[in-house]
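Participant: Supplied in structure tokens, the structure appears directly below.
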Amino acid sequence: MPLLQIKDLGKSYNSDAKVLQGLNFEVESGEFLSIIGPSGAGKSTLLRCINRMVEIDEGKVVFDGQEVGKLNKKELRKVRTNIGMIFQHYNLVPRLSVIENVLHGRFGYKTTIQGVLGRFTEAEKEHAFFLLKKLGIEEHAYKRCDQLSGGQQQRVGIARSLIQEPKIVLCDEPIASLDPNASKVIMDHLKSITQELGITCIVNLHQVEIAKSYSDRIIGLNKGGIVFDGPSYRLHRNHTDQIYGTQTQATPEIRELIMV
Amino acid sequence: MNEKTMKASRKWQTIFFILLIIGMTLASSAITGFNIIHGIATLPKAGAWILSNLMITQESLERLPTILEKLLETILMSIAATTTGTAVAFFLSLMGSKTTGTKKVFGVFARFVASASRNIPVVAWALILLLSFGQNSVTGYLALFVGSVGFLTRAFIESIDEASQSAVEALRATGATYFQIVFKAVVPQCMPQMISWILFMIETNIRNATLVGILTGTGIGYTFDLYYKTLNYNAVALVTFSIILAVIVIELMSNYIRKVII
């Protein structure tokens, strides 16, 4: 049975405009999947339907045998502990230290009181330092997050999602605010999450080339619908034209901008 | 419209507004029968009276221990009213903020409580509470407390709304509970502003406590009233001076604390 099943998923923020419409796909455990598409195609919304950060309007999302849309509050929190999330703007608490931000990933496993008082076990702290070391930012553990560079902050975000010991990590444009070097570091780390730890990754991306070189499989979204779904080597120019609604001959400069 | 006509129209706008302000001032003083010239003319006389009567003398200094005791009482009451007000305002602001609010009904309730207690002046609260609690320190405390809750709730709601939503989203995605999110994502971000508001509230409450004290017969306000009514102007001067000094000291302290935390 696949780890994640999406069936006839539909979503609209207001009644007339549909953001997502009739989406169907399955994700196997250990896959590295990229979702590409122009701004406003519904990539972020799709990702947030998986852990129900936005409510699901139509169809269903089945994660690990549970239908996400039907869970009550407590069950939903339990499912969310198994789903890590990484954001474009890192979404850390800027005034707190790196290590505190990493440990925030454990809240789902704690009672309210334990979380509010910040009671973490030795094993959890060791795990946090292990992750920071693995991501190469161990020496910044006690620095405040707002003193770190973008790439470093994103690595803190990765550590926070990994300490959840998730089955899947959702990445919402993880490299959209980073320079090419930092982007490569982050993408390499994400790739190694899948390869070494066997954790499934779903990554929203703007860069087609990066999506092609890193992922096993690509889904192309346009206007809330899937226009391409297949292994990344099968993605060709005519597909990207369809995804981004561009014509190769007519507007070569736009195409170049997208491909960079 | 080119640059020249724009400049000209700016100039006419400025002149128009200056004339409007002068006109409004003259009209309102004419309607109320208040003579500005006369008011200004009597200023030197008032100054001379203050200088000759409000002098701190040796005799009034003997009353210093009693005055300081009352002043301390007032300061402590203001702090107590602020801290307890903070606790209530914190929970009300959680209900009232868009970031942390859970139900609309609670939000409306919190905003109603805040605006009701804020828009009635502290002095009015003191007079209202005087009827049911009588002339004692509880009345003064409650008046300051109600005012603090109203003001702080409003200020906290704005601080929480201003704090970035992103960390809240991230913690929600990890499966954190409501209070974990509040205390670990919202509070750390709002802390500097909140402490700043609390310090400001303590300053304001010390000033207000003097006024409220005159009405409720407690603290430094009562002392002021007592000396004033017995025409002991030297002691009044000492009381006024000590209040000013206390407020300045508190202000300096809170400025220092603000600098350290931000």
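Participant: Take residue A:151 and decide whether it is on the phi > 0 side of the Ramachandran plot, more than 14 Å from chain B (Cβ to nearest Cβ) and out of contact with any strand residue (DSSP E or B) (no Cβ under 7 Å at 6 or more places or on another chain).
Facilitator: When the stated conditions are applied, residue A:151 does not pass them.
Participant: Scan the stretch B:178-199 and give yes if some residue there is touching a strand residue (DSSP E or B) at 6+ places or on another chain (Cβ under 9 Å), within 7 Å of chain A (Cβ to nearest Cβ), on the phi < 0 side of the Ramachandran plot and in a helix (DSSP H, G or I), otherwise no.
Facilitator: No: zero hits.
Participant: Residues that are surrounded by fewer than 20 Cβ atoms within 10 Å (Cβ to Cβ): which strands (runs of 3 or more DSSP E) entirely in the stretch A:144-237 hold 3 or more of them?
Facilitator: A:225-231
Participant: Residue B:203 - would you say it is surrounded by fewer than 24 Cβ atoms within 10 Å (Cβ to Cβ), closer than 26 Å to residue B:69 by Cβ and of a type in the set (Asp, Glu)?
Facilitator: The answer is yes for residue B:203.
Participant: If a residue has to be farther than 14 Å from residue B:179 by Cα and loosely packed, with under 14 Cβ neighbours inside 10 Å to count, how many in the stretch A:92-138 make the cut?
Facilitator: 7
Participant: The conditions are (1) basic (Lys, Arg); (2) out of contact with any strand residue (DSSP E or B) (no Cβ under 8 Å at 6 or more places or on another chain); (3) within 9 Å of chain B (Cβ to nearest Cβ), and residue A:95 fails exactly one of them. Which is it?
Facilitator: Only one criterion in (1) basic (Lys, Arg); (2) out of contact with any strand residue (DSSP E or B) (no Cβ under 8 Å at 6 or more places or on another chain); (3) within 9 Å of chain B (Cβ to nearest Cβ) is unmet by residue A:95, namely (2).
Participant: Can you tell me which condition residue B:104 does not meet? The list is (1) touching a helix residue (DSSP H, G or I) at 6+ places or on another chain (Cβ under 7 Å); (2) assigned by TED's automatic domain parsing to the domain that holds residue B:236, and all the others hold.
Facilitator: Checking residue B:104 against (1) touching a helix residue (DSSP H, G or I) at 6+ places or on another chain (Cβ under 7 Å); (2) assigned by TED's automatic domain parsing to the domain that holds residue B:236, the one that fails is (1).
Participant: Just one of the numbered conditions (1) touching a residue at least 60 places away in the same chain (Cβ under 8 Å); (2) within 9 Å of chain B (Cβ to nearest Cβ); (3) out of contact with any helix residue (DSSP H, G or I) (no Cβ under 7 Å at 6 or more places or on another chain) is not true of residue A:28; which one?
Facilitator: It fails just one condition, (2).
Participant: Mind checking which pairs have a first residue in the stretch A:1-19 that is of a type in the set (Val, Ile, Thr) and a second that is buried (at least 18 other Cβ atoms within 10 Å of the Cβ) and part of a loop (DSSP other than H, G, I, E, B), Cβ under 6 Å, 6 or more apart or different chains?
Facilitator: A:19/A:42; A:19/A:224
Participant: Also, I was wondering about something else. Does residue A:69 meet the test of being in contact with a Lys or Arg (Cβ under 9 Å, 6 or more places away or on another chain), small (Gly, Ala, Ser) and at the interface with another protein chain (Cβ under 9 Å from one of its Cβ atoms)?
Facilitator: The answer is no for residue A:69.
Participant: Quick test of your reading of the structure: residue A:69 fulfils all but one of (1) touching a helix residue (DSSP H, G or I) at 6+ places or on another chain (Cβ under 7 Å); (2) without any contact (Cβ under 8 Å) to a residue 24 or more places away in the chain; (3) within 18 Å of residue A:13 (Cα to Cα). Name the failing condition by number.
Facilitator: Residue A:69 satisfies all of (1) touching a helix residue (DSSP H, G or I) at 6+ places or on another chain (Cβ under 7 Å); (2) without any contact (Cβ under 8 Å) to a residue 24 or more places away in the chain; (3) within 18 Å of residue A:13 (Cα to Cα) except (1).
Condition check ((1) out of contact with any Lys or Arg (no Cβ under 8 Å at 6 or more places or on another chain); (2) of a type in the set (A, V, I, L, M, F, W, C)) across all residues:
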{"site": "A:152", "(1), (2)": "yes, no"}
{"site": "A:158", "(1), (2)": "yes, yes"}
{"site": "A:161", "(1), (2)": "yes, no"}
{"site": "A:171", "(1), (2)": "yes, yes"}
{"site": "A:176", "(1), (2)": "yes, yes"}
{"site": "A:179", "(1), (2)": "yes, no"}
{"site": "A:182", "(1), (2)": "yes, yes"}
{"site": "A:185", "(1), (2)": "no, yes"}
{"site": "A:188", "(1), (2)": "yes, no"}
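Participant: Return the total of residues in the stretch B:160-177 being without any contact (Cβ under 8 Å) to a residue 60 or more places away in the chain, more than 7 Å from chain A (Cβ to nearest Cβ) and in a helix (DSSP H, G or I).
Facilitator: Count: 1.
Every residue, every condition in (1) free of Cβ contacts under 8 Å to residues at least 60 places away in the same chain; (2) within 15 Å of residue B:70 (Cα to Cα); (3) in a helix (DSSP H, G or I), yes or no:
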{"position": "B:211", "(1), (2), (3)": "no, yes, yes"}
{"position": "B:214", "(1), (2), (3)": "yes, yes, yes"}
{"position": "B:222", "(1), (2), (3)": "no, yes, yes"}
{"position": "B:226", "(1), (2), (3)": "yes, yes, yes"}
{"position": "B:236", "(1), (2), (3)": "no, yes, yes"}
{"position": "B:243", "(1), (2), (3)": "no, yes, yes"}
{"position": "B:247", "(1), (2), (3)": "yes, yes, yes"}
{"position": "B:253", "(1), (2), (3)": "yes, no, yes"}
{"position": "B:256", "(1), (2), (3)": "yes, no, yes"}
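Participant: Of all residues in the stretch B:46-101, count the ones that are touching a Ser or Thr at 6+ places or on another chain (Cβ under 6 Å) and either acidic (Asp, Glu) or free of Cβ contacts under 8 Å to residues at least 12 places away in the same chain (or both).
Facilitator: Going through the stretch B:46-101 one residue at a time, the tally reaches 0.
Participant: Another question about this same structure. Do you know which residues across the stretch A:100-132 are facing chain B (nearest Cβ under 8 Å), small (Gly, Ala, Ser) and under 19 Å from residue A:166 (Cβ atoms)?
Facilitator: A:105, A:108, A:115
Participant: State all residues of the stretch A:77-92 that are more than 8 Å from chain B (Cβ to nearest Cβ) and among the hydrophobic types (A, V, I, L, M, F, W, C); if no residue qualifies, say none.
Facilitator: Answer for the stretch A:77-92, where residues must be more than 8 Å from chain B (Cβ to nearest Cβ) and among the hydrophobic types (A, V, I, L, M, F, W, C): just A:86.
The values are calculated or read from the model by the stated rules, or taken from the named source; none is laboratory data. Everything numeric in this text was worked out from a predicted model, so none of it was measured. Positions of Cβ are generated from backbone atoms using ideal geometry, with glycine treated the same way; all protein chains shown enter the neighbour counts.
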